[in-house]
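Please treat every number below as a calculation from the coordinates, not as lab data. Please read these numbers as outputs of a predicted model, since none were measured by experiment. Don't worry about glycine lacking a Cβ; one is built from the backbone with ideal geometry, like all the others, and counts go over all protein chains shown.
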Amino acid sequence: MSLKAQLAAAAGLLLATPEHNNSIPGAFKNAIDWMTRPSDDIARHFAGKPVAVIGASPGGFGTILAQDAWLPVLRTLGTRPWFGGRPMVSRAHTLVDAGGALADKATR
Ligand SMILES: Cc1cc2nc3c(=O)[nH]c(=O)nc-3n(C[C@H](O)[C@H](O)[C@H](O)COP(=O)(O)O)c2cc1C
């Protein structure tokens, strides 16, 4: 199923964003952007959709600036962003075990 079809079928959207140089990674933004054309598809795929943004990074600020950078995009697309918190994980590489599973109880 294409990404766009999966988005249309989904009750909500969870964006797990990395952060590149204090903003949204270009490839991730590009994937969302191409799902907004033709522009009629914005109403069909994004308008009113519940969206939450989370992120984890090896740095000290846990993708907070990338998460904030998504907000004007989510507003432009008429989504229903979740503002109940800012789930960000800093120093993420210290919180996983050798297999890559989340080992830190507090974070889980
Ligand atoms: C070019 C580049 C720039 C990055 N800039 C930031 C940054 O500004 N802030 C941050 O918290 N993490 C930054 N990171 C770390 C990413 O958010 C991410 O945690 C890291 O790339 C690991 O995820 P990946 O395995 O999907 O690449 C950067 C990574 C790359 C490759």
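Across the stretch 1-17, what is the total count of residues that are among the small types (Gly, Ala, Ser), over 14 Å from GLY48 (Cα atoms) and under 16 Å from the mean Cα position of the chain (by Cα)? Lay out the reasoning, then the answer.
To start, the set of residues in the stretch 1-17 that are among the small types (Gly, Ala, Ser) comprises 2, 5, 8-12, 16.
Pick out the ones that are also over 14 Å from GLY48 (Cα atoms) and you get 2, 5, 16.
Those left that are additionally under 16 Å from the mean Cα position of the chain (by Cα): 16.
Residues that pass the stated criteria total 1.
Filter the stretch 13-30 down to residues that are surrounded by 12 or more Cβ atoms within 10 Å (Cβ to Cβ) and small (Gly, Ala, Ser) and give me whichever is nearest to ALA66 (Cα to Cα).
First, pick out the residues of the stretch 13-30 that are surrounded by 12 or more Cβ atoms within 10 Å (Cβ to Cβ): 13-20, 22-25, 28-29.
Cutting the leftovers down to small (Gly, Ala, Ser) gives us 16, 23.
On the way: ALA16: 10, SER23: 4 Å.
That would be SER23.
For the structure I just gave you, tell me whether PRO58 is away from the ligand (no atom under 14 Å from the Cβ) and out of contact with any Asp or Glu (no Cβ under 8 Å at 6 or more places or on another chain). Break it down stepwise before answering.
Numbers: away from the ligand (no atom under 14 Å from the Cβ): no; out of contact with any Asp or Glu (no Cβ under 8 Å at 6 or more places or on another chain): yes.
Criteria not met by PRO58.
Collect the residues in the stretch 50-108 that are under 14 Å from the mean Cα position of the chain (by Cα), among the basic types (Lys, Arg) and under 16 Å from THR17 (Cα atoms), keeping them in residue-number order.
ARG86
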